[in-house]
Amino acid sequence: MTPTATKTRPAVPGAAKARKGMDPRIRARRTAVTREKGRQRLHLLAIVTVVTGAVVGGWYLLHSPLFSARSVTVSGNTHEAAALVVQASGLSRHSPLIDINTATVAAAIERLPWVRSATVRVQWPDGVHIAVVEEAPGLVMSEPGGQWASLSIDGRVLAVSAVRPPGLLAMTGPQAPGAAGTTLGARDQAGLAVAATLPASFGAQVTAVTVEPGDWVQMALTTPIVVDIGTATQLPAKYEDVSALLAGASLHNGDVIDVSVPDAPTVTGP
């Protein structure tokens, strides 16, 4: 058998030196860099852990009973009981203060019949104050069944009672008022437009406003005199006619003043 020849690779200059090992200074530098990177990673991990713990801990703390709505106070209420205001606000469940949307809470309170507006203010660490502005009754309307509805001047039903509230302007319209908290419908708007804009010159003499078919508005005065306003248009001019006639004309009980055509008023006897 012919022996296999073995070829020997020629020696590479410097290879022997490389096999002897890396320069100790370079090795030490690399080790130091590796250790520094490790320390930086540990430092970053520690920061992330602390921040995460603080966030999670803070969230649980702010949602704990310590920072909940444990004290809810109400001011400005006369007709709406404070307990009812708190119930409508939804804060009787001691909600966390951090979760309270003051605009949403105020809107819920303003759905109560007597509340015109509500302002909600969070008071840390455990309080909420609700300031309400109530509606003022300005009208009264009869309801089916002999009951009486008190309304604001803009047509919001404030309360329904068996006894007619005294001192309020009576209004009669084609559509009966609804339950407390509702507002009058479109068919009664002509009467509201007149009731809400009566001038000081004779407004105190008006005892009743009636809306008849065709949105024809009629007023009854204390004299007693009836005023036909007509439709609820050109009201300033019509009011000037009424004021002038009340001040200068010779009127008698039962007379009817017709100002449905502005600047051309008429007066007819009973």
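The values are calculated or read from the model by the stated rules, or taken from the named source; none is laboratory data. This one's a predicted model, so the numbers in the text were calculated from it and none came from an experiment. All Cβ positions, even for glycine, are placed from backbone atoms using ideal geometry, and neighbour counts span all protein chains on display.
So here's what we get for this one:
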{"quantity": "Cβ-Cβ under 7 Å pairs, at least 6 apart or on other chains, segment 87-108 side assigned by TED's automatic domain parsing to the domain that holds Val122, far side hydroxyl-bearing (Ser, Thr, Tyr)", "calculated": "His94/Ser68; Ser95/Ser68; Pro96/Ser68; Leu97/Ser68; Val105/Ser89; Ala106/Thr119; Ala108/Ser89"}
{"quantity": "The one condition in (1) touching a Pro at 6+ places or on another chain (Cβ under 6 Å); (2) among the polar types (S, T, N, Q); (3) surrounded by fewer than 13 Cβ atoms within 10 Å (Cβ to Cβ) that Gln234 fails to fulfil", "calculated": "(3)"}
{"quantity": "Residues of segment 240-254 satisfying the condition of being under 22 Å from Gly191 (Cβ atoms) and out of contact with any Phe, Trp or Tyr (no Cβ under 8 Å at 6 or more places or on another chain)", "calculated": "Glu240, Asp241, Leu245"}
{"quantity": "Single condition Val209 does not satisfy, out of (1) touching a Ser or Thr at 6+ places or on another chain (Cβ under 7 Å); (2) touching a residue at least 40 places away in the same chain (Cβ under 8 Å)", "calculated": "(1)"}
{"quantity": "Unique residue being in contact (Cβ under 8 Å) with a residue 12 or more places away in the chain, in contact with a strand residue (DSSP E or B) (Cβ under 7 Å, 6 or more places away or on another chain) and either loosely packed, with under 14 Cβ neighbours inside 10 Å or more than 30 Å from Pro113 (Cα to Cα) (or both) when the list is Pro165, Pro265", "calculated": "Pro265"}
{"quantity": "Segments classed as strands (runs of 3 or more DSSP E), wholly inside segment 157-218, with at least 1 members that are hydrophobic (A, V, I, L, M, F, W, C) and under 20 Å from Glu135 (Cα atoms)", "calculated": "157-161, 169-172"}
{"quantity": "Residue within segment 51-65 that is assigned to a helix (DSSP H, G or I), modelled with pLDDT of 70 or more and either in contact with a helix residue (DSSP H, G or I) (Cβ under 8 Å, 6 or more places away or on another chain) or not assigned by TED's automatic domain parsing to the domain that holds Gly181 (or both) present", "calculated": "yes"}
{"quantity": "Residues (among the small types (Gly, Ala, Ser) and assigned to a strand (DSSP E or B)) located in segment 138-156", "calculated": "Gly138, Ser142, Ala149, Ser150, Ser152"}
{"quantity": "Selection status of Thr233, under 27 Å from Val157 (Cα atoms) and free of Cβ contacts under 8 Å to residues at least 12 places away in the same chain", "calculated": "yes"}
{"quantity": "Given (1) polar (S, T, N, Q); (2) at pLDDT below 95; (3) within 26 Å of Val217 (Cβ to Cβ), number of the condition Ser152 does not satisfy", "calculated": "(2)"}
